[in-house]
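The values are calculated or read from the model by the stated rules, or taken from the named source; none is laboratory data. It should be emphasised that the depicted structure is a prediction, and the values quoted were computed from it without experimental measurement. We place every Cβ from the backbone using ideal geometry, glycine too, and count neighbours over all the protein chains shown.
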Amino acid sequence: MLLEVLLALVLGAVVLLVLRRSKAAVLKTEDGWWGAGSPPAGAEDESIRPFQVETSREEIEDLQRRIDQTRPVPSLEDSQFNYGFNSTYLQKVAAYWRNEFDWSKQVDKLNQYPHFKTKIEGIDVHYVHVKPKNLPEGRTAVPLIMVHGWPGSFYEFYGILPLLTEPANADDVAFEVICPSIPGYGFSEAPRKKGFNSVCAARVFLKLMRRLGFGRFYAQGGDWGWQITTNMAQLDPTAVKGLHINFAPVENVGPLLILSILLGRRFPGLFGFTELDVKRLYPRVEKMLVEPLKETGYFHIQATKPDTAGRGLNDSPVGLAAYILEKFSTWTDHEFRNLEDGGLERKFSLEDLLTNVMIYWTTGSITSSMRFYKENFAKGFYPPHARIPVTVPTGVAAFPNELMHTPKLWAKQKNHKLKTYTTMARGGHFAAMEEPGLMAQDIQKFIKVVEGKK
Amino acid sequence: DAFSENLPTKALQELDRPKLQLLALSSVGIGLTYFLVWRRKAKKSIPLGDGWWGHGQQTLRDDNKIYPFKVETSEDEINDLHRRIDQMRYTEPLEDCGFQYGFNSNYLQKVVSYWRNQFDWKKQVAKLNEYPHFKTNIEGLDVHFVHVRAPHRPGQKVLPLMLVHGWPGSFFEFYKILPLLTDTKDDLAFEVICPSIPGYGFSEAPHKQGFCSLDAARIFLKLMERLGFNKFYLQGGDWGSLITTNMAQMKPQCVSGLHLNMLAVTKGGVGMLLSLIIGPYLPFLVGFTREDVRRLFPYFEKNVYDLLMESGYMHIQGTKPDTAGCGLNDSPVGLAAYILEKFSTWTDRKNRDLEDGDLEKKYSLDDLLTNVMIYWTTRSIIPSMRFYKENFKTNPQNRVDARTGIFVPMGHAAFPNELMHCPLPWARWRFKDIRSYSYMPRGGHFAAFEEPRLLAEDFVKFVRKVEGKKR
């Protein structure tokens with residue numbers, strides 16, 4: 001047995017060395033156009049228009065009418081959140097939404113930061129642009145783009161924005177933050193043509209940053225935001241000064257990864273596995289197969305039939321809320337599946353949760369948001385960008401309840417300049433919204449390492 | 001000495017060599033026969049079990065009465081439907097996507113417009129009531145069924161038959177095949193029972209967790225018993241295929257024959273792998289016909305890739321049914337898109353490339369929407385989805401029914417556009433008494449709905465084979 005292990009290790013090391021040398025490729029992409037019909041003759045309108053989120057009496061009354069028309073179906077006895085969103089608790093959420101939630105007030109809250117829209121590749125891209133108000137003399141704000149995921153939105157960052165733009169600590173870096181909406185999500189127009197995947201979104205966001213005058217900037221993301229910011233770093237490594245991610249799933253299964261999965265439990269030290277790593281990865285079949293299978297039904301249907309999956313959700317606000325908020329419960333802590341209220345209000349306020357849902361509801365963007373899954377898996381699980389490493393300085397914040405756990409060794413396979421890897425104290429998938437303080441701290445730590453080196 | 005005084009040994013000592021050999025052989029023979037018979041007997045059925053699915057604790061015993069039932073509607077119901085259809089919030093489809101992203105929004109507008117302005121639910125309800133409906137309480141649930149008797153014709157043998165539907169279908173899928181089975185002009189006719197699976201349509205949904213196909217099978221066996229049938233035929237596809245198979249496994253003595261239009265291959269193993277590797281090149285070596293090869297290969301594309309493309313609904317329903325069905329229960333348009341997408345794609349996978357999914361090629365909008373209305377008016381989309389989760393709770397490969405064979409006479413109608421093809425050698429792993437296996441010329445997953453005549457013909461052919469052998 002030992003001989004085989006040694007042989008495998010030697011072979012693996014040789015393979016790795018050989019492969020690593022040749023993997024300095026840069027991700028290539030072509031231009032795109034996503035509007036209706038054919039692109040018009042002449043140059044694109046590159047103006048940046050200020051944008052205000054608005055609502056109306058009709059919009060609110062329509063919502064309330066639809067909530068009143070909900071036809072609830074009781075959950076099975078003692079099933080909590082194991083069959084999906086619990087019906088009893090859903091009625092409570094719906095009642096709050098109907099009677100107490102104040103959308104006008106939330107719209108004002110959304111508008112506290114300046115919003116803009118600009119046309120890129122034929123579609124209107126929406127973003128929030130937040131500059132620090134009280135910058136000391138001689139200091140410049142560091143530009144940072146933060147990209148959301150599904151079923152989130154730019155609104156997830158509203159808790160962390162003040163911590164990044166007005167840091168309490170004088171030592172901390174002050175950021176100028178751009179929070180765009182992925183095309184097809186919220187206030188960004190949805191692509192009309194097939195094929196808009198994360199590389200296209202990355203290209204669009206690179207153009208956005210360039211248009212705003214940022215030659216070099218930092219990028220932060222989780223969920224799809226991780227994929228898009230990673231692609232940005234792969235497309236233009238000179239523009240992305242540093243990449244901070246809170247989600248880092250493995251895309252490329254190499255010999256070292258397999259070896260670590262096979263032997264990691266018995267020899268954690270060999271692979272740098274911490275106690276948390278071992279706890280989250282083993283037992284193998286349960287943690288790497290059964291659990292992901294239990295939680296990826298939405299992924300499967302959205303990656304194959306998004307238009308069907310989203311159809312009913314665009315007419316039923318309560319259905320939409322159940323679909324979206326189930327994730328905010330389960331992806332914050334898997335244990336929440338055994339609670340009748342899904343533990344939803346332990347880490348989030350109903351007001352914030354429903355504001356995020358309203359962004360999907362008022363813009364009717366649930367179906368286009370789901371299409372992103374299909375576009376990204378059109379060419380299978382192994383697109384070109386999965387094989388290309390990230391060569392810009394990277395920081396990983398590993399939250400203990402994240403959907404997929406990535407030990408430092410695995411993160412290093414993809415991110416060749418891993419500068420910081422932090423095992424966070426607490427938090428799940430929606431890290432920026434759930435633990436803004438911890439996240440901001442880690443971003444500062446990462447920046448200091450990168451800037452300090454310079 | 002003591003040894004030779006032992007009587008049996010003394011008797012043995014008195015036998016000559018040929019007789020000893022005969023004795024030895026026959027002992028071995030008897031032992032072997034006993035062993036084989038005992039083994040066969042031991043694995044011939046699966047336990048019935050029991051259950052109770054009503055609210056709270058079981059208090060009263062089952063009320064065994066059978067109550068007539070009529071489908072009803074009201075102005076309120078129809079107005080509410082119309083109001084919700086009018087409130088649909090359209091989403092533009094991508095350019096040139098056909099049905100590849102799911103139900104095409106542009107074609108959906110046309111379907112919805114028909115549903116709003118021309119579909120006559122009152123007329124369809126009258127059509128549903130053309131056959132007598134009943135309800136009876138079993139294991140705490142009201143079980144709905146349609147009971148169609150054959151008109152009495154002299155010299156005609158009438159055999160009892162139960163037809164079981166699947167998802168997203170209903171008893172209504174059998175309305176076209178019913179007259180072909182009950183109202184025949186020759187010597188054979190059927191008395192048909194079409195139940196609704198608990199949680200589907202007019203059958204009450206279970207209130208407790210764990211209601212899987214084994215429980216549905218047991219409840220349907222109790223139903224047949226209550227109706228006075230102690231021997232009957234079974235026919236089914238989709239969930240109906242699994243439920244009727246379970247019924248045949250639970251009480252094989254009650255099942256004259258089992259006819260299935262869909263066979264799920266659960267037990268893979270080395271045999272399957274070998275046949276997949278050798279099959280394309282030397283099909284006859286592994287028992288494949290040319291037609292099998294045509295339908296199975298390229299294997300990866302047709303069976304793995306295609307299944308992955310089409311099983312998203314199964315994955316989400318098998319894990320989060322309450323979430324998946326929630327919006328569909330408020331939005332009739334959403335419900336229609338979700339259900340009718342299957343009637344398009346599972347009838348012919350090529351329909352994915354067409355803007356209208358070729359939905360109306362084999363079905364009328366009236367029939368399709370009547371099936372949708374059964375889910376809509378009974379609010380049963382969520383319970384119907386829960387059935388998936390309940391059946392996948394225990395690894396399906398390890399469940400008692402997956403490990404047990406089926407010994408009743410079986411017939412399979414293999415439709416060319418069915419979701420998966422099961423060649424005869426694979427079917428033989430579990431079904432030990434296959435009497436008929438037919439390659440149907442055309443048709444997909446919803447066989448009874450799409451090709452009622454073809455299915456009826458094959459079913460009758462199978463029954464004649466079984467009845468013929470009996471005599």
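Below are the figures for this structure:
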read-out: Test: residue in the range B:310-327 that is under 24 Å from the mean Cα position of the chain (by Cα), among the acidic types (Asp, Glu) and within 29 Å of B:LEU424 (Cβ to Cβ); value: yes
read-out: One residue from B:ARG386, B:ARG379 being of a type in the set (D, E, K, R) and at positive phi; value: B:ARG379
read-out: Of residues in the range B:311-337 being facing chain A (nearest Cβ under 7 Å), assigned to a helix (DSSP H, G or I) and in contact (Cβ under 8 Å) with a residue 60 or more places away in the chain, the one surrounded by the most Cβ atoms within 10 Å (Cβ to Cβ); value: B:ALA324
read-out: Members of the range A:27-80 found to be loosely packed, with under 10 Cβ neighbours inside 10 Å and closer than 30 Å to A:VAL392 by Cα, listed by number; value: A:GLU30, A:ASP31
read-out: Number of the condition not met by A:VAL285 [criteria: (1) more than 22 Å from the chain's Cα centre (by Cα); (2) at the interface with chain B (Cβ under 9 Å from one of its Cβ atoms); (3) β-branched (Val, Ile, Thr)]; value: (2)
read-out: Candidate set from the range A:324-343 (those that are of a type in the set (D, E, K, R) and either more than 17 Å from the chain's Cα centre (by Cα) or part of a helix (DSSP H, G or I) (or both)); member that is farthest from the other protein chains (Cβ to nearest Cβ); value: A:GLU335
read-out: Filter result (of a type in the set (Lys, Arg) and closer than 30 Å to B:GLU467 by Cα) within the range B:117-165; value: B:ARG149, B:ARG153, B:LYS157
read-out: Considering residues of the range A:291-307 that are under 19 Å from the mean Cα position of the chain (by Cα) and either part of a loop (DSSP other than H, G, I, E, B) or in contact (Cβ under 8 Å) with a residue 40 or more places away in the chain (or both) only, the residue farthest from the other protein chains (Cβ to nearest Cβ); value: A:PRO292
read-out: Of residues in the range B:103-121 being of a type in the set (Phe, Trp, Tyr) and either more than 9 Å from chain A (Cβ to nearest Cβ) or over 30 Å from A:GLY195 (Cβ atoms) (or both), the one surrounded by the fewest Cβ atoms within 10 Å (Cβ to Cβ); value: B:TYR114
read-out: Helices (runs of 4 or more DSSP H) contained entirely in the range A:344-408, each with at least 2 residues that are surrounded by 20 or more Cβ atoms within 10 Å (Cβ to Cβ), in contact with a Lys or Arg (Cβ under 8 Å, 6 or more places away or on another chain) and at negative phi; value: A:366-376
read-out: Criterion violated by B:GLU225 - all others in (1) among the acidic types (Asp, Glu); (2) within 24 Å of B:SER438 (Cβ to Cβ); (3) surrounded by fewer than 18 Cβ atoms within 10 Å (Cβ to Cβ) satisfied; value: (2)
read-out: Qualifying residue in the range B:264-285 (condition: in contact with a His (Cβ under 8 Å, 6 or more places away or on another chain), more than 14 Å from chain A (Cβ to nearest Cβ), in contact (Cβ under 8 Å) with a residue 60 or more places away in the chain and surrounded by 14 or more Cβ atoms within 10 Å (Cβ to Cβ)); value: no
read-out: Any hit, the range B:156-172, residues being under 17 Å from the mean Cα position of the chain (by Cα) and among the hydroxyl-bearing types (Ser, Thr, Tyr); value: yes
read-out: Residues of the range B:338-365 satisfying the condition of being among the aliphatic types (A, V, I, L, M) and either surrounded by fewer than 18 Cβ atoms within 10 Å (Cβ to Cβ) or under 24 Å from B:ALA414 (Cβ atoms) (or both); value: B:LEU354, B:LEU359, B:LEU365
read-out: Evaluation of A:GLN227 against (1) under 30 Å from A:THR118 (Cα atoms); (2) among the polar types (S, T, N, Q); (3) out of contact with any Gly (no Cβ under 8 Å at 6 or more places or on another chain) (one fails), failing number; value: (3)
read-out: Any hit, the range A:155-178, residues being over 25 Å from A:THR362 (Cβ atoms) and within 14 Å of another protein chain (Cβ to nearest Cβ); value: no
read-out: Subset tally (residues that are buried (at least 16 other Cβ atoms within 10 Å of the Cβ), within 19 Å of A:ASP307 (Cα to Cα) and more than 8 Å from every other protein chain (Cβ to nearest Cβ)) for the range B:70-102; value: 4
read-out: Residue check, B:THR73 assigned to a loop (DSSP other than H, G, I, E, B) and either modelled with pLDDT of 95 or more or aromatic (Phe, Trp, Tyr) (or both); value: yes
read-out: Test: residue in the range B:300-307 that is surrounded by 14 or more Cβ atoms within 10 Å (Cβ to Cβ), within 14 Å of chain A (Cβ to nearest Cβ) and in a helix (DSSP H, G or I); value: yes
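Let's see how each residue does on (1) surrounded by 16 or more Cβ atoms within 10 Å (Cβ to Cβ); (2) not in a loop (DSSP other than H, G, I, E, B):
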position	(1), (2)
B:ARG403	no, no
B:VAL408	yes, no
B:ALA413	yes, yes
B:LEU419	yes, no
B:SER436	yes, yes
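Listed here are the residues, each with its yes/no results for (1) within 17 Å of A:SER349 (Cα to Cα); (2) within 14 Å of chain B (Cβ to nearest Cβ); (3) touching a residue at least 12 places away in the same chain (Cβ under 8 Å).
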residue: A:SER87; (1), (2), (3): no, yes, yes
residue: A:LEU90; (1), (2), (3): yes, yes, yes
residue: A:ALA95; (1), (2), (3): yes, no, no
residue: A:ASN99; (1), (2), (3): yes, no, no
residue: A:ASP108; (1), (2), (3): no, no, no
residue: A:TYR113; (1), (2), (3): no, no, yes
residue: A:GLU121; (1), (2), (3): no, no, yes
